[in-house]
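Report on one structure; see the data block that follows.
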Amino acid sequence: MEEAPFVAFRVLDVGPVAHTGLNPEAGGSLKDTRVNSCAPVLTTLGPGRILLLMMIINIVSELGHGHRRFTMQALENDSVLPGSKLDAAKMPGHWLLARMGKKVLRPGGLTLTRRMLDGLAIGPRDRLVELAPGLGATARLALARRPASYVGVDRDGDAVALVRRLAAETATVVEGKKGDAANTGLADGHASVVYGEAMLTMQPANAKRRIVQEAFRVLAPGGRYGIHEMGLRPDDMPEGTKDTIMKDLSEAIRVGARPLTISEWRAVLEAEGFEVVTQEVSPMHLLEPRQMVRDEGVGGTLRILLNIARNPIARRRILGMRRVFQRYESALCGVMLVARKPMIPATLAE
Ligand SMILES: C[S@@+](CC[C@H](N)C(=O)[O-])C[C@H]1O[C@@H](n2cnc3c(N)ncnc32)[C@H](O)[C@@H]1O
């Protein structure tokens, strides 16, 4: 039997972002400015109306684009997307979602990203380093805060090219570097702010450690480090359950996924000398309609759904990913931590 279409919208409760931060910067309103006024209408329309709406958009787009397929390539002005040459059946889930038009690829969505940027308190004197900027969605938000400089380090050359393009949109000095987040080549103390999202989760334990060490090295004393990753809850989850979730997730997204419990994430940062000052958790609803509308807007969500509806391989894979996210809904979450590098090295402070 055919799988239930992904376009069948349900009204889902995204739930609150839990905030236990110590940083007053991060205690602001949860209002997401991208939730535009059409969102409630979209989420309350029945599946029949949504399909009708999609068909109309489809016809208009076909007319407007001379039967050109409504792909991300078209949306991005024919730019090269990371992973664009890979086979849809095997490519990493994040690049498959990007091919369908999805721009926000981190577990807590834009809401948790904005909370991280608030917690990092980016100002005009800050020198930013982003580890694994991907499509550059957070880079744009960070650059809107007008830092002094920005370096994005990604191992994917196409992602680096997307970052370099941002230089034309801002007065900030922007650099894109192709490389490993564990070995950025940047000088000691280069940055006042380092952050990365949805990247450490994909690394084995020793690579997680090396990347956090690199963030510590690159930061000046007093600098801030933000992460936004996939979390497991509760903290005392049995090891066997963790193994099952990691296996199912990795199979679905075709990337080794190793999320940690919230206290394990804190411990990874603290082991390298960071002091965690802010912690926030949100539901893992990356592929749920309400969060998609928040992250991508109404038009963006409809384009993504159209692309998915037209691509049977992508549809099967994305429905599979969504099924795994739903199966472990209560065990998975987005977690955001902001930490500080102490002014005085721990060895001198003792
Ligand atoms: C899931 S995407 C997330 C992209 C972006 N941070 C976001 O949240 O939308 C993962 C990104 O991590 C990059 N990446 C993975 N491992 C890396 C490493 N060791 N060093 C640098 N970049 C890495 C990938 O190329 C990709 O851009």
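Derivation of every value follows stated rules applied to the coordinates shown; laboratory data play no part. Only a predicted model underlies this, so the values are computations on that prediction, with no experimental measurement involved. Cβ sites come from the backbone with ideal geometry, for glycine too, and all protein chains shown count toward neighbours.
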Difference of contour (0.36 nm per residue) and Cα-Cα distance, residue 80 to residue 343: 90.5 nm
Shape call, the range 198-350: gyration tensor on alpha carbons, a/c limit 1.5: prolate
Candidate lysines for bridging to residue 90, where Cα separation is under 20 Å - those fewer than 8 sequence places away on the same chain excluded: 102, 103, 247
Derived scalar couplings ³J(HN,Hα) [the range 137-148; Karplus, 6.51 cos²θ - 1.76 cosθ + 1.60; whole Hz; x for Gly, Pro]: 5, 6, 4, 4, 5, 5, 5, 5, 8, 6, x, 6
Prolate/oblate/rounded call for the range 153-227, Cα gyration tensor, a/c under 1.5 rounded: oblate
5 angstrom amide H check on residue 186, placed H, neighbours 5+ away: none
Modelled FRET efficiency - R0 22 Å, residue 89 with residue 156, Cβ distances, 0.05 increments: 0.65
Estimated inter-spin distance, residue 177 and residue 141, nm [label 7 Å along Cα→Cβ]: 2.4
